[in-house]
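I have placed the structure first, in the form of structure tokens, so that the comments after it can refer back to it.
Readers should treat all values here as calculations from the given coordinates under stated rules, not as data from a laboratory. What you are looking at is a predicted structure, and each value in this text was computed from that prediction instead of being measured. For neighbour counting, all protein chains shown are included, and Cβ atoms are generated from backbone atoms with ideal geometry for every residue, glycine included.
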Amino acid sequence: MGFSTDAIHVGQEPDPSTGAVVAPIYQTSTYVLEATDKSKGYDYARTNHPNRKALERTVAKLEGGDFAYVFTSGMAAIDSVFRLLRPGDHTILSQAVYGGVFRLTTKLLVDFGLEFSFVDTSDLEKVRQALKPKTKMIYVETPTNPTMIVTDLDATSRLAHDNKLRLVVDNTFLSPYLQRPIEFGADIVVHSMTKYLNGHSDCTGGAVVLTRPDDAEKIYFVQRSAGAGLAPMDCFLTSRGIKTLAVRMQRHNANGMVVAEFLDSQPKVKRVIYPGLSSHPQHRLAERQQRGFGGMITFDLGSREAARNLLNHVHLCSLAESLGGVETLISHPALMTHASMPPEVRQQVGITDGMVRISVGIEDVEDIIADLDQALSHV
Ligand SMILES: *Cc1c(COP(=O)(O)O)cnc(C)c1O
């Protein structure tokens, strides 16, 4: 079946007991057993429940993986992946990872003996130079947030496997409709489902999609032992959102391109970073490994003052963190999503004070442009 059909039907079969086309929300913490050693497949909602199982089947199918586990947030999902490691193990991460991943690794997981190096993973030579005897994982975000740097998934997975490492890819920015890292050899894909997969900004959620049964078993063990599995209502909302993923992404792509070209034509905008523009240094690579360029655009207004003037005058675009929803969201990475990154690190990874990040929604694109146009007049 095609992607859109799978997004609507896999894991979403009619409820066998009533015929309901949409499965009910199993809002219960516990399940009656038929005998001490006999259940109907469920015993306690931390361990598993039907809404979670349904969503996990959908997400595994859409990413082309064999297993998926869903968590209360993207960060809980990502945290579970680092628990595959042992003290002393080393991980190479993309330089400009999501701010929360930078905080989790450098402020929390280092205290448990894990070691992390941040390198520009778009440069394979730099990744090779960062390898150590205890390197166990390469963790890539592509495109990066908010610098929109693209990493070659095919080449990186070959490097990882030549060195017996796992390749983990954060696919939040594109969703499986636009990029399927497992097809390029990734072993694990992580998501903040809060973003495009849900698409409606009404709950947080995270996913880990895997190909290796040994890793899958461990992630499931973490999910039921540490207890951060996604709750029934939130699974239901995310499953509902996923049904329209394909049409939403088509519109995000179309609107993203129009907004990127508009910004590119504005004299007050110093630079537009969008892999869909031929000016993007990795436009060709993005074209090769993505099925579209998505709705995330970063642009530079040259100074914090100019960025603040724009952000304080938008009306339709909401000044908010997060991304990937139907509504257009606009933010200032240095002050908001990446505030936990020290200024010198921000500078090193290319996050400037004049940068603005926009998650282009699926409203009428003329309305988005009119709002940006009037806000730019205040810059
Ligand atoms: C939002 C985000 C996360 C974290 O997800 P939460 O659901 O907020 O915990 C991780 N990676 C990327 C790329 C994100 O945008």
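Being under 19 Å from T72 (Cβ atoms) and basic (K, R) is the filter here, so list the residues in segment 1-56 that pass it.
The answer is R46, R52, K53.
For segment 77-96, name all the residues that are touching a strand residue (DSSP E or B) at 6+ places or on another chain (Cβ under 7 Å) and surrounded by 21 or more Cβ atoms within 10 Å (Cβ to Cβ).
Taking segment 77-96 and keeping what is touching a strand residue (DSSP E or B) at 6+ places or on another chain (Cβ under 7 Å), we get 77-78, 80-81, 85, 89-95.
If the condition is that a residue be touching a strand residue (DSSP E or B) at 6+ places or on another chain (Cβ under 7 Å) and surrounded by 21 or more Cβ atoms within 10 Å (Cβ to Cβ), then A77, I78, S80, V81, T91, I92, L93, S94, Q95 are the ones that fit.
Specify the residue that is surrounded by the fewest Cβ atoms within 10 Å (Cβ to Cβ); the eligible residues are those in segment 213-227 that are touching a Phe, Trp or Tyr at 6+ places or on another chain (Cβ under 6 Å) and hydrophobic (A, V, I, L, M, F, W, C).
Per the stated criteria, the residue is A216.
For the list (1) crowded, with 24+ Cβ neighbours inside 10 Å; (2) under 25 Å from A231 (Cβ atoms), I need the number of the one condition that P181 fails.
Here P181 meets the rest and fails (2).
Filter the helices (runs of 4 or more DSSP H) completely within segment 63-155 down to those with at least 1 residues that are over 16 Å from D215 (Cα atoms) and of a type in the set (D, E). Reasoning before the result, please.
Values: elements: 74-82, 99-103, 124-130.
Helices (runs of 4 or more DSSP H) meeting the threshold: 124-130.
Residues of segment 343-376 being within 23 Å of A96 (Cα to Cα) and of a type in the set (A, V, I, L, M), which ones? I'd like the intermediate steps shown before the answer.
Residues of segment 343-376 that are within 23 Å of A96 (Cα to Cα), as a first pass: 343-360.
Once the filter is applied, which keeps residues that are within 23 Å of A96 (Cα to Cα) and of a type in the set (A, V, I, L, M), segment 343-376 yields V345, V349, I351, M355, V356, I358, V360.
With the condition kept exactly as written, say whether any residue in segment 199-213 is part of a helix (DSSP H, G or I) and in contact with a helix residue (DSSP H, G or I) (Cβ under 9 Å, 6 or more places away or on another chain).
Residues of segment 199-213 part of a helix (DSSP H, G or I): 213.
Checking the rest, the ones that are also in contact with a helix residue (DSSP H, G or I) (Cβ under 9 Å, 6 or more places away or on another chain) come to none.
Within segment 199-213, none of the residues are part of a helix (DSSP H, G or I) and in contact with a helix residue (DSSP H, G or I) (Cβ under 9 Å, 6 or more places away or on another chain).
Would you mind stating whether G294 is in contact with a Lys or Arg (Cβ under 9 Å, 6 or more places away or on another chain) and either under 13 Å from M148 (Cα atoms) or of a type in the set (G, A, S) (or both)? Quick ask: steps written out before the conclusion?
Values: in contact with a Lys or Arg (Cβ under 9 Å, 6 or more places away or on another chain): no; either under 13 Å from M148 (Cα atoms) or of a type in the set (G, A, S) (or both): yes.
So G294 fails the test.
Criterion first (surrounded by fewer than 24 Cβ atoms within 10 Å (Cβ to Cβ), out of contact with any strand residue (DSSP E or B) (no Cβ under 9 Å at 6 or more places or on another chain) and among the acidic types (D, E)) does D154 satisfy it?
Details: surrounded by fewer than 24 Cβ atoms within 10 Å (Cβ to Cβ): yes; out of contact with any strand residue (DSSP E or B) (no Cβ under 9 Å at 6 or more places or on another chain): yes; among the acidic types (D, E): yes.
So D154 passes the test.
Between G74, G65, G99, which is under 20 Å from the mean Cα position of the chain (by Cα), away from the ligand (no atom under 16 Å from the Cβ) and buried (at least 20 other Cβ atoms within 10 Å of the Cβ)? Working first, answer last.
Numbers: G74 fails: away from the ligand (no atom under 16 Å from the Cβ); G99 fails: away from the ligand (no atom under 16 Å from the Cβ).
After ruling out the rest, the residue left standing is G65.
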